[in-house]
1. With the structure loaded, tell me whether residue 102 is of a type in the set (A, V, I, L, M), part of a loop (DSSP other than H, G, I, E, B), over 25 Å from residue 12 (Cα atoms) and touching a residue at least 24 places away in the same chain (Cβ under 8 Å) or whether it fails that test.
2. Just to be sure, is residue 395 closer than 19 Å to residue 251 by Cβ, surrounded by fewer than 22 Cβ atoms within 10 Å (Cβ to Cβ) and over 21 Å from the mean Cα position of the chain (by Cα)?
3. Go through region 112-143 and give me each residue that's farther than 25 Å from residue 190 by Cα and small (Gly, Ala, Ser).
4. Within region 230-276, restricting attention to residues that are part of a helix (DSSP H, G or I) and of a type in the set (D, E, K, R), which residue is nearest to residue 330 (Cα to Cα)?
5. For region 362-385, state whether one or more residues are farther than 20 Å from residue 75 by Cα and either over 18 Å from the mean Cα position of the chain (by Cα) or in a helix (DSSP H, G or I) (or both).
6. What residue, among those in region 110-127 that are out of contact with any Phe, Trp or Tyr (no Cβ under 7 Å at 6 or more places or on another chain) and in a loop (DSSP other than H, G, I, E, B), is modelled with the lowest pLDDT?
Amino acid sequence: MSELLSLCVPHVPAEPLTEAGWGRSPHSFLPGAPMPEVVLLPRTLEELAAAVALTQRHQWRLVPCGFGSKLDWGGLVAGAEVLLSTRCLTLPPIHSAGDLTVTVSAGMDYAQLQEFLAPARQFWAVDPWTGDRASIGGIIATANTGSLRQRYGGVRDQVLGMTVVRADGQMAKAGGQVVKNVAGYDLMKLFTGSYGTLGVIATVTLRLYALPPQRGVYGFSGTWGAIADFVAAVRRGAATPTVLDIWLQPTPSVWIVLDTTAAALGEQGEHLRQRAAQSTLTPLDPAHQPAEPVAPSCCCHVGILPAQVTNFGDRLGAILPTVQGQIHASSGIGTLWFPVAPTLAELQELRHLTHHHGGYCTILRAPVALKQALSPWDRSVMPLGLMTQIKQRFDPENRLSPQRFPRVESAEQKEGNA
């Protein structure tokens, strides 16, 4: 470790990778051997580029991250020597309030960004899981949106420009505040959801929205049939919910958030209550609005055909009654979690059930043994051939987050591995 540190220190700040520094054992999110020995902590764009170039010269495999809250999501990274964190990359934000845009470093804290924008009555319309412990770059790299997707779209819709550091340490820019484009590629879309496999996100330009003048929260519970009837009526109606979520066990419920003027809020809120009564739903106290668990032992990202969401919830409750979760009614995308670690058979049954309802299931967080027994990625919906080609173009040496995504081997590679 001392030899590796002596090589790193002259270029960028570095520290040993320890449990104390990350609040948990590194083996919980990087179980493969060898374990990274150091964390590189660049403070400027120049140091970030130098850090990546350093790993390229020494042929070290690299795992980019922010605060590390989602390092254990998805596929298991194996064989990386270096962790590179952008948490010290705190460049001053460039806020164009009149244009509703802001440019920030990837290492900026999500909560800090929202606090910075609040005096201008603006916000970034993304509400991710682990938002209080997440960096902007980490949210984009994992495409970690939330309930606001109902009105504002996903993470890809909120990113206008991006600066990235390529695997060879060179910078590339696209979108807003363009200096140099990478011809033929939309970096914002490619890097959103790339899980650190294509390059390191350095800065991003984000689309902003005005904070709403008033907010109303409405919750109703009932049978799956009644919820389906109510959701269909809301989607056909004139109201434009900011949030329209269905929560599963222990009791099925639907939660709506309206962001509008005081007058419109009163009228639309009353219409929701009347429509819920027609569907024989029971009103719930807004103060008891459900929330995501802090640290579930296992959580999965799912997508269901929107028309099948209530059927899926009903069937899920009969087969896996302990599973809890939240699904966005209009998109069918959501998150499910197990209060206690599931068995392999339970995870397989959950994935099979999503397929039966026209969807997919990605395992975000689970014990290492389960991810080794069952691929976290649902290959039925992954364009592996295209992903492998893009990976080869951006990271031909496969040094960035190695093995995080599955790859399609060429005939030559298969022959060499035989």
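The values are calculated or read from the model by the stated rules, or taken from the named source; none is laboratory data. Keep in mind that this is a model prediction, so the values were computed, not measured. Cβ sites come from the backbone with ideal geometry, for glycine too, and all protein chains shown count toward neighbours.
1. No, not satisfied.
2. No.
3. Result: 118, 120.
4. This residue is 235.
5. no
6. Checked region 110-127; the qualifying residue modelled with the lowest pLDDT is 127.
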